[in-house]
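One structure is given here, and the rest of the page talks about it.
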Amino acid sequence: MKITTLFVASLLAASVSGCKLVKTSNGEAGVAADPIAEVVETTFDAKLVPALTEKAVDLATLQNAINGSLDKAGESYGVRVGGAGGGWNFPVKGSATVIEENRASKAAVAEIDIDGDGKADATLQLGPVVKGSALRDTAGLYDFSTFRDQIEYAKLGRALNDKAVSKLPAADTALKGKKVNFVGAVVIRTASEKPLIMPVSIEAAP
């Protein structure tokens with residue numbers, strides 16, 4: 001019986017890992033809300049989306065600037081995270097035609113044509129599996145020093161991505177062939193790479 005009790009207790013402890021036990025209003029113990037989830041819920045719509053929308057540079061303008069010099073484009077429109085070796089994070093927006101769409105993969109994407117030549121100029125991530133932490137790093141809203149450690153900071157990046165994916169057109173909404181307007185963030189490490197954008201909104205143009 002003692003072994004069973006200890007085993008159950010260990011499972012309970014594991015299930016609330018990362019949470020704090022607190023007293024509720026009636027004096028009973030309860031589990032505190034996930035602090036990362038709370039940050040996302042209080043900042044995503046209220047702060048992050050408005051900040052990206054306000055600061056976003058048109059993707060065509062950004063790509064022209066990058067063709068001249070990635071670092072100069074970064075200094076004008078972006079923010080660098082991780083020192084001189086890190087990529088440039090940019091808030092971006094644009095109107096484009098979706099020329100290809102892959103919903104079969106969990107890492108679903110839409111290839112977009114910005115300039116009308118029929119070729120993909122950038123990729124919009126649709127998820128649910130997405131890459132990068134551009135949403136966390138671009139707007140300057142989330143200070144690493146206010147988080148417990150790198151693991152917690154990484155969790156924030158993933159949680160923001162998950163929230164963004166929940167706002168995007170569902171898998172049963174076909175985008176191929178449609179003109180879309182988008183706002184999001186992207187990290188660019190080399191001038192030759194095709195932008196892989198994490199959008200916070202994708203709307204089909206009327």
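Using the Cβ-Cβ distance between Ala170 and Ser69 with R0 = 41 Å, the FRET efficiency computed as 1/(1 + (r/R0)^6) comes to roughly 0.55. Legend: distances between Cα atoms for Lys55/Lys167; Lys72/Lys167; Lys72/Lys106; Lys155/Lys178; Lys72/Lys163; Lys72/Lys155; pairs beyond 29 Å are Lys72/Lys167; Lys72/Lys106; Lys155/Lys178; Lys72/Lys163; Lys72/Lys155. Determine the sum of side-chain charges near Asn64: Lys and Arg each +1, Asp and Glu each -1, restricted to other residues whose C-beta is under 11 angstrom from that of Asn64. Once all neighbours under 11 Å are counted, the net charge is -2.
Read-outs throughout are calculated quantities, based only on the coordinates presented, and are distinct from any laboratory measurement. A quick note: this is a predicted structure, and the numbers were derived from the prediction, not measured. Glycine gets a Cβ as well: all are built from the backbone with ideal geometry, and neighbour counts include every protein chain shown.
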